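Some notes on the structure that comes next.
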Amino acid sequence: MKIIIIGASGLVGSHCMDLFESVGEEVVGTHLNFATERTIYFNPLSNSNGNLDLDQFKPEVIIHCAALTNVDYCENNVLESERATVLSTKKLVNYCKKNGVKLVYISTDYVFDGNMGPYTEDAATNPINIYGQHKLKAELLVKTLNNYLIARITNVYGEEVRSKNFVLRLIKLFQNNEETELNLPADQFATPVYAGDVARMLYKLILDNKNGIYNLSSSDYYTRYSLAKRVKSYFPDNEKIVLKSVLTNKLNQPARRPLNGGLLNIKFLNEYNDFKLSNVDDFISKMIKYEL
Ligand SMILES: NC(=O)c1ccc[n+]([C@@H]2O[C@H](COP(=O)([O-])OP(=O)(O)OC[C@H]3O[C@@H](n4cnc5c(N)ncnc54)[C@H](OP(=O)(O)O)[C@@H]3O)[C@@H](O)[C@H]2O)c1
């Protein structure tokens, strides 16, 4: 299968690239600002993309992982967020429509308001910040295609060149053991998921040519604070890092956060009942073992 991964220099895209290449698929992965050895530059909004000619490669599937993902930055830079998240999706939707290509769009539980989570796929959307509004706008564009998949995820962790994700940053912090005090929200609930599992779930859905919305989550259910405590429990001798629980409304974050967020994976597991999901303990144990 010929697959293009837009945003393969990021967390989810790089794990998809690892998996799809390892099973022998013909994959091209792209970056925007963070060039990696195995990705090529691609800006969906530009007409001159040098090294990647979609018409020449003729993808059968495009996995669209690209978005402006810093939620507070999006709140303060609405037009930039709209361009990166909505307009880039519009371009890709138009390409897929014209060429009969399947589009896999990676979305988020931030399309919900966080009053009633964790959510099923058909729950009513109601985003409460710019990032969530733009992701929902992009979802609606994707839904105009006949052949699409919207995969909603949240709180993704995993091995990552830039070590941006919360769990990996915490593990490194505890390993480095420097005096630090962290104020972490104890009232933002979500369902963290391993990026490698997201890639495996996506691959199954693509192979079976599934359509529609799927939540890709694990059965873990944590707040930032409880997740950090979980990581800390693997470093019992570390007293230098102090975790403080705070309420979201005391953090003065520019963007509002859905509090009871998270995603239920009942639909996916009903269709793939032998699928083995990992959890955050598996990842922490693995990272400690290999001291990455
Ligand atoms: N990580 C999470 O916890 C999480 C949760 C919910 C939903 N999601 C969604 O999952 C997707 C992937 O997230 P991630 O965590 O892998 O993000 P990430 O690590 O920040 O990676 C984002 C990727 O998108 C590329 N990109 C950003 N803006 C772009 C643009 N305007 N045009 C082309 N490429 C662009 C980035 O390229 P460069 O870095 O090279 O510039 C990078 O490859 C995103 O759509 C995000 O909204 C993620």
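One line per residue, one yes/no per condition, for (1) among the charged types (D, E, K, R); (2) in contact with a strand residue (DSSP E or B) (Cβ under 8 Å, 6 or more places away or on another chain):
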{"site": "Glu139", "(1), (2)": "yes, yes"}
{"site": "Lys143", "(1), (2)": "yes, yes"}
{"site": "Ala151", "(1), (2)": "no, yes"}
{"site": "Thr154", "(1), (2)": "no, yes"}
{"site": "Gly158", "(1), (2)": "no, yes"}
{"site": "Arg162", "(1), (2)": "yes, no"}
{"site": "Met201", "(1), (2)": "no, yes"}
{"site": "Leu207", "(1), (2)": "no, no"}
TODO: Give just the number: which of (1) under 24 Å from the mean Cα position of the chain (by Cα); (2) surrounded by fewer than 19 Cβ atoms within 10 Å (Cβ to Cβ) does Tyr214 not satisfy?
DONE: (2)
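Looking at segment 165-182 only, could you name the residues that are among the β-branched types (Val, Ile, Thr) and over 16 Å from Pro236 (Cα atoms)? It would help to see each step written out before you state the result.
Residues of segment 165-182 that are among the β-branched types (Val, Ile, Thr), as a first pass: 167, 171, 180.
If the condition is that a residue be among the β-branched types (Val, Ile, Thr) and over 16 Å from Pro236 (Cα atoms), then Val167 is the only one that fits.
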Task: segment 95-122, subset open to solvent by less than 30 Å² (accessible area, probe 1.4 Å) and aliphatic (A, V, I, L, M), residue farthest from Ala255 (Cα to Cα) - done: Val101
Open item on the list: Considering only segment 191-205, I want to know if a residue exists there that is touching a residue at least 24 places away in the same chain (Cβ under 8 Å), open to solvent by 40 Å² or more (accessible area, probe 1.4 Å) and not basic (Lys, Arg).
Closed with: no
Task: Residue tally, condition open to solvent by 70 Å² or more (accessible area, probe 1.4 Å) and assigned to a helix (DSSP H, G or I), over segment 123-135 - done: 1
TODO: Tell me which of these His31 doesn't satisfy, since it passes every other one: (1) in contact with a Ser or Thr (Cβ under 8 Å, 6 or more places away or on another chain); (2) more than 8 Å from the ligand (Cβ to nearest atom); (3) open to solvent by less than 40 Å² (accessible area, probe 1.4 Å); (4) modelled with pLDDT of 95 or more.
DONE: (2)
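The values are calculated or read from the model by the stated rules, or taken from the named source; none is laboratory data. Just so we're clear, the structure is a prediction, and the values are computed from it rather than from any experiment. All Cβ positions, glycine included, derive from the backbone under ideal geometry; neighbour counts span all protein chains shown. Remember, those area values only see protein heavy atoms, side chains included, never the ligands or the DNA or RNA. Shrake-Rupley method; radii C 1.70, N 1.55, O 1.52, S 1.80 Å.
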